[in-house]
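Here's the structure, in C-alpha cells; my notes come after.
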Amino acid sequence: MKIRSFLLAVFAATTLPVKAELSLESAIQSAIKNDHWAQSSVHQEQALRQQAIASGQLPDPKMRLALANLPTDSFDFDQENMTQLQLGLSQQFPRGDSLQIRQQQLSQKADKAPLQRALRAAQVKQQLSMNWLKLHRLEVQLRLLENNRYLFQELVEISRANFRSGKARRFEVIDAELQITRLNDRITRMRQQAASLRGELQRWLPETLSGEALPTPLPELKPLVAVNDNDALRSAVQRHPQLQLLERDINIRQRDVELADQAYKPGFRLESSYGFRDDMPDGRDRADFFSVAVTFDLPLFPEKRQDARRNAAVQQREAARSDRLLSLREYQAQLQQALANLEGVEQRLAIYDKAFLRQLRAKRQSATQSYAAADSRFSDVAAAALGELEAKMMQIQLRHQRAQIISNINFWLAAVDPVLSSSDSFSASEVTP
C-alpha cells in the first residue's frame, strides 16, 4: 500500500505542469531576435545597395529629332538646300571618376547597417538587463520582507504580553503595530514598482513572455574580458560597434574629399547628329550631313568653388576623426569608471557576507530576549530588527548592483560578446576596421 502511494505521488509530481520562467538569457535572446528595428535596418541596407548600383551608371543618352530650315512660304521639304530632317544623339560623361566614387560611398553607407544592428543589439541587451535585474531585485526583496514579517509580529506579541504584565506601556504596543503597518506599506509600494517594471519589459518582449515569473537565483554574470587584462580591454573597446561606425563615417567623408578632387577635372558631353536632305526639285541628289561635337567644362577659376568645396570636405573628414577619438576616450573612461565601481561593490559585499549580517542577527536576538525579559526598551529591539532587515535588503541590492555594473561593462566590450557575435546582426568580419 505504501509503495502504491509512493508511486502515485511520484507520478503526480512528474505530470504537474512546469511553470515557465523568464530567465535573463532567454529574455535577451528573444528581444534581439524579435527586434523590429533590426528588420527595418535590413530593408534600408538593401535599398542603399540598390542605390549604389544605380549611382554608378552613366546617365541615359538623349535623342534629338528635328526638322530644320523648313521654308515658310511653301513648307516644301525639297525647296531649300538647308532643309533637313535631323536625328541626334548625346551622352553626358561626369567629371573624372565621380560615378565610381559615389557608388563606393553609397556602398560604404550600406556597410554601416550591420554595425548599426550590432550596436542596437548591444543596447537592447544592456537596457533589458538593467530592467530585468531591477525587477529581480524587487522580487527578491519582497520575498525577504514577507518572510521576515514574523519578526515584527513577534515583537507585537511580546509587547502585548509585557503590557498585560505591566512591564511595558501602551505606546510600545502601538509602536510595534506601526512597524507592521510600515512594513505592509513598503511591500505595497515595491509591488507597484515591480508591476511598472513588468510593463517596461513589454518594450522588448511580447506580453506572454514579459508576464512570466523570474527565476529565484540571481544569474552569475561575469565580465567578457578579465578586468586586470588592460590590453584586452583596450582592444575590445576600440572595436566597439559605435566606434566602428565612426570609423566608417571617416571613410565616407574621405569619399567626399575625392569627389571634390574630381571637380577639378572637366566633364564633357558627346553629341552626334545626322541630317537628311531630300533631292533637288530637278532630281539632282543632295548630300546628307553628319555632325559631331564635344562640349566640356573649363574649371579655370577654382578658388571660390572647387577649392572651397574641397576645403569643406576636408574639414568634415577631420571633424569625423575628432569625433571618433573623443568617443574612444569617453568609452575608455566609462569602462574604467565601471571597473572601479565593480571593485568597490565587491569589497562591500565581502563585508556583508563575512561578518556584518551575523553580528546584526546576534544583536537582534539579544535585544529581543532582553525586551522579553523587560531588561531593555522597545526602541532598542525595534532598531535592531530594522537594522538587520535593512542590512539584508542592502546585501540583495549590492548583489544586483554588481550584476548591473557587469552588464554595463559588457556593453563596452560588445565587440567580443558571444551573444551578439552569434546573432545575424553582428559578425567579426563586418566590424574589422
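The values are calculated or read from the model by the stated rules, or taken from the named source; none is laboratory data. All values derive from a computational prediction rather than experimental measurement. Cβ coordinates were reconstructed from backbone atoms using ideal geometry, including for glycine residues, and neighbour counts include every protein chain displayed. Each accessible area value is taken on the protein alone, full model and side chains, heavy atoms only, with ligands, DNA and RNA left out. Shrake-Rupley method; radii C 1.70, N 1.55, O 1.52, S 1.80 Å.
Things to note:
- Subset of the range 218-262 [in contact with a Lys or Arg (Cβ under 8 Å, 6 or more places away or on another chain) and polar (S, T, N, Q)]: GLN254, GLN262
- SER165 small (Gly, Ala, Ser), open to solvent by 40 Å² or more (accessible area, probe 1.4 Å) and at pLDDT below 95: yes
- Residues that are in a strand (DSSP E or B) and closer than 15 Å to GLN79 by Cα, drawn from the range 278-289: none
- Candidates in the range 24-46 are the residues that are closer than 26 Å to THR216 by Cα and hydrophobic (A, V, I, L, M, F, W, C); of these, the one that is surrounded by the fewest Cβ atoms within 10 Å (Cβ to Cβ) is LEU24.
- Test: GLN306 is polar (S, T, N, Q) and either more than 30 Å from PRO114 (Cβ to Cβ) or touching a strand residue (DSSP E or B) at 6+ places or on another chain (Cβ under 6 Å) (or both): yes
- Residue selected from the range 177-221 under the condition of a type in the set (Gly, Ala, Ser) and free of Cβ contacts under 8 Å to residues at least 12 places away in the same chain, by the criterion farthest from LEU145 (Cα to Cα): GLY199
- Residue in the range 125-137 that is in contact with a Phe, Trp or Tyr (Cβ under 7 Å, 6 or more places away or on another chain), in a helix (DSSP H, G or I), within 28 Å of PRO217 (Cα to Cα) and open to solvent by 30 Å² or more (accessible area, probe 1.4 Å) present: yes
- Qualifying positions in the range 222-277 - part of a loop (DSSP other than H, G, I, E, B), of a type in the set (A, V, I, L, M, F, W, C), open to solvent by 30 Å² or more (accessible area, probe 1.4 Å) and touching a residue at least 40 places away in the same chain (Cβ under 8 Å): LEU224, VAL227
- In the range 334-357, the condition of being closer than 30 Å to LEU178 by Cβ, open to solvent by less than 70 Å² (accessible area, probe 1.4 Å), at pLDDT below 75 and of a type in the set (A, V, I, L, M, F, W, C) is met by at least one residue.
- Pick from the range 80-109, criterion polar (S, T, N, Q) and open to solvent by less than 30 Å² (accessible area, probe 1.4 Å), ranking: modelled with the lowest pLDDT: THR83
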